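What follows is a short report on a single structure.
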Amino acid sequence: MRRRSGTSGHMLNVDLTPMIDVVFQLIIFFMFTSQFGELRRTDIDLPKEQGEEETEKQQASMIIDLTLDGQYLFESKPMSLIEIERIAATGVASQPEGEPFDVLVRPDRNAPAVYLDRLLMRLSGVGVRRWKLATVDQEGASQ
Amino acid sequence: MTRSRSVRRRRSRLGALPLTSMIDVVFLLLVFFLVTADFAKKENKLPSALQTEGGGVQSSDMQPQIIRISVLNGQPVFTIGQVRCGDRVSLESVLAQLPREPGVAIKADPDVPIQSIATALQAARNSGFARRSYVPGESSD
């Protein structure tokens, strides 16, 4: 009896599972790497207020965290007011004409106003005209 | 006996279902949705203009009404002119009687918690003041 040789005798089965595995792995990898900016948000006890629904989905040009003990954080790194002033000045200078340089301040709700005042004085000195105060709802839930 | 033989025969005809790959994919999907889910609390924002003493960003010639925030016996006190308010509700009722055109400026003592500034900004916003500004106090750093 002659045995069939080559591939003609076998059914070609394309197994898609490993490819799907790899594709998902790649998606997860890119999701992780692109979300790092968001994940680096410092955990701060923000003022509990309803806030305002934003009509325009404009991201803040600069986000500054302010801790209870008066430490200023930019991208989760502690910074002096001079450094923050320098970064803000560079941002204001590089902002396209007509587009405001918005600063979002994420303060600890119990921090004294003096820390906020120091920061805002520095920012206004380099030309920042608009700022936003980050808040959370009373229940801490989303709107 | 006869039943178990027929079941075995049927199984051999169908072949074993490879569950490993399916579990692989299911776990990957689970991880994917865990990663993409946003567990952080949603943050809201209170926008305000920055106004400094002696020269502001307000283009209006009219002087904005000032909400002064201080701390009295550990409690924040909001003062507009001669009127004092202890909470947001009473502050909103006072603001409701004021004209909206000049806008409102907020000033706070250095020891006032930032929560009270947010409360004043929220009250002004709820009372329909489109022009809200914060006047940082002069402080040596």
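Points to keep in mind about this one:
- Taking the average, over residues, of other Cβ atoms within 10 Å as the packing measure, peptides A:18-25, B:117-124 rank B:117-124, A:18-25 from highest down.
- The mean number of partner chain beta-carbon atoms within 10 angstrom of a residue's beta-carbon across peptide B:21-31 is 3.
- Anisotropy class of the range A:44-133 from Cα gyration tensor, a/c 1.5 cut: oblate
- Inter-chain shielding of A:72-81 (mean C-beta neighbours from other protein chains, 10 Å cut-off): 0
- The range A:86-116 versus the range B:63-117: alpha-carbon centroid distance in Å: 24
- Peptide B:128-134, shielding by other chains (average Cβ, 10 Å cutoff): 1
FYI, it's all coordinate maths here, none of it is from the lab. Owing to the predicted nature of the structure, the values given are computational and were not obtained by experimental measurement. Glycine also receives a Cβ, built like all others from the backbone with ideal geometry; neighbour counts cover every protein chain displayed.
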